[in-house]
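Each reported figure results from applying straightforward, stated rules to the coordinates on display, with no laboratory input. Just so it is clear, the structure is predicted and the values come from calculations on it, not from any experiment.
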Amino acid sequence: MTWIAVGIAGAGLLMTYTGQRKAGRAEAERGAHLAELGEFEAQQLERNAISEFAAAQRVAGEEERRARYAQSRALALAAASGGGASDPTVVRIISELAGEGAYRSAVALYEGEERATQLRLGAQARRMEGRFGLEGGLAAQSAYNLLATGGALTGAGKIYTSIYDKYGGPQTTNKP
């Protein structure tokens, strides 16, 4: 009967050890998947940052085009009204239109770069989250492995003590 109990205890010990090791591997895999997910999201955010800046460049170019059009129209209207292109009022109006166009273009570029910067920062944050997930998974795996080894040693010690007490301990004989 005692050997059956020892066998059952040993099987339970082996199952616990195996289960804890598998749980550790699962945590490490989960951490690796979090790192992969973080990298994927970071790459998407970086692509979006490039697109944001490209869109801002397009808007800036459009603002410059509008400013040139407005300057040309102002010059044409001045000429049609009989005024000269070198008239101080015409020069001032054209200069203001050019300044406004340059300002709008610069603002569009700044806003696009700011959005792109925020996306790049988001990409860095996703990578950090992924690294922390991986580190956490590996730490959990290490903890499960230690738990499995400690449990195996404790269980083996209990089984050994039980057998020793039953069969190998000091034998007492009753002498009359």
Relative contact order of the chain, please, whole-number percent, based on alpha carbon pairs below 8 angstrom and at least 6 residues apart. 46
Linear extension gain, Glu36 paired with Lys158, 0.36 nm per residue minus alpha-carbon span: 39.6 nm
Per residue of segment 16-22, what does 6.51 cos²θ - 1.76 cosθ + 1.60 with θ = phi - 60° give for ³J(HN,Hα)? Whole Hz please, x for Gly and Pro, Karplus curve as stated. 4, 4, 4, x, 5, 5, 5
Given the options Ala79, Ala26, Ala60, which has the most mean-square fluctuation in a GNM of the chain, springs set between C-alpha atoms less than 10 angstrom apart? Ala79
